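Below is one structure, written out as structure tokens; the observations come after it.
Rule-based calculations on the coordinates, nothing more; no lab input. Predicted model only: the values in this text are computed from it and were never measured. Ideal geometry is used to build each Cβ from the backbone, glycine not excepted, and the neighbour counts take in all protein chains shown.
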Amino acid sequence: MTNVCDRLREDLALREHARTELARISKTLPSKLPKNVAEITGLIRGLTKNLYGMTSSCAIPVRTTLLHFVYPQVVPIFDKQVLLAVGVRGKDANHSYETLRDYIPHAWLLAGRYQPSFTTFGKETPVRLIDMALWVCRGQQS
């Protein structure tokens, strides 16, 4: 990830292309996304390969993170850290659409289960709060 950030920081043309591509993507995304695993994974698969970082070995985590910021109530972040926090230790599990399809409903289940405890967190969505909690917990797994 450092290499991606370094290159974006140093390459003005690449930054401009990323800005243009993000603007284009934002116009193509649906205004609302239902809690439907097939629709979510379809949207993730269909995201552009023209945006720097979207074709790398981290494409699924990058794509879910982008969509999480657009649809924080529906799309969880899907990366190695949250998977470690829920006990998924398989090599490259965060690059697997099969694992993603299993993880999304699990994240929704956790968000629903703990939502009553989230009243003090203001406008953050339960899915986003679960993502944050899992990031905190990841270091506590043995």
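For Leu109 and Ala59, FRET efficiency with R0 = 30 Å and r from the beta-carbon atoms, rounded to 0.05? All intermediate terms of the calculation are to be shown ahead of the outcome.
On the way: r = 25 Å, r/R0 = 0.85.
The pair Ala59/Leu109 has a calculated efficiency of 0.75.
Helix 97-114 versus the longest principal axis of the chain: what angle, 0 to 90°, nearest 10, using Cα atoms?
For helix 97-114, the angle is close to 50 degrees.
Give or take rounding to whole Å, what are the principal axis extents of the alpha carbon atoms in the stretch 22-86, in descending order?
Extents along the principal axes: 34, 27, 18 Å.
Among 15-25, 94-104, how do they line up by average Cβ neighbours within 10 Å per residue, starting with the highest? Before the final figure, lay out each step's value.
On the way: 15-25: 13.0, 94-104: 17.0.
With the highest mean Cβ count within 10 Å placed first, the list reads 94-104, 15-25.
Could you sort the peptides 116-125, 64-73 by per-residue average Cβ neighbour count (10 Å cutoff), highest mean leading?
Details: 116-125: 10.1, 64-73: 18.3.
Top of the packing list down: 64-73, 116-125.
Once fully extended, how much extra length lies between Val4 and Glu98, figured as 0.36 nm per residue of separation less the alpha-carbon to alpha-carbon distance?
Values: separation 94, 0.36 × 94 = 33.84 nm, distance 2.60 nm.
Between Val4 and Glu98, full extension yields 31.2 nm more.
Show which aspartates and glutamates lie in cross-link reach of Lys91 when reach means a straight Cα distance below 18 angstrom and same-chain residues fewer than eight apart are skipped.
Once the sequence-local aspartates and glutamates are set aside, what remains near Lys91 is Asp79, Asp102.
Less than 19 Å apart at the alpha-carbon level, and either on another chain or at least 8 residues along: which aspartates and glutamates does that give for Lys27?
Glu16, Glu39
What is the distance in Å between the Cα centres of the stretch 94-120 and the stretch 1-45?
Cα centres, the stretch 94-120 to the stretch 1-45: 22 Å.
Pop out the ³J(HN,Hα) list for the stretch 21-35 in order, Karplus 6.51 cos²θ - 1.76 cosθ + 1.60 with θ = phi - 60°, rounded to Hz; leave Gly and Pro as x.
Karplus values, whole Hz, x for Gly and Pro: 5, 5, 4, 5, 4, 4, 6, 9, 6, x, 5, 9, 10, x, 6.
Quick one: what do you get for the chain if you divide its Cα Rg by 2.2 N^0.38 Å? List each step's numbers first, then the result.
Values: Rg = 15.7 Å, N = 142, 2.2 N^0.38 = 14.5 Å.
Taking the Cα Rg and dividing by 2.2 N^0.38 Å, one obtains 1.09.
Fewest Cβ neighbours within 10 Å first, please rank Leu12, Leu51, Leu29 accordingly.
Leu12, Leu29, Leu51
Fully extended, how many nm does the chain gain between Glu124 and Lys91 (0.36 nm per residue separation, minus their Cα-Cα distance)? List each step's numbers first, then the result.
Numbers: separation 33, 0.36 × 33 = 11.88 nm, distance 3.10 nm.
Once the chain is fully extended between Glu124 and Lys91, it gains 8.8 nm.
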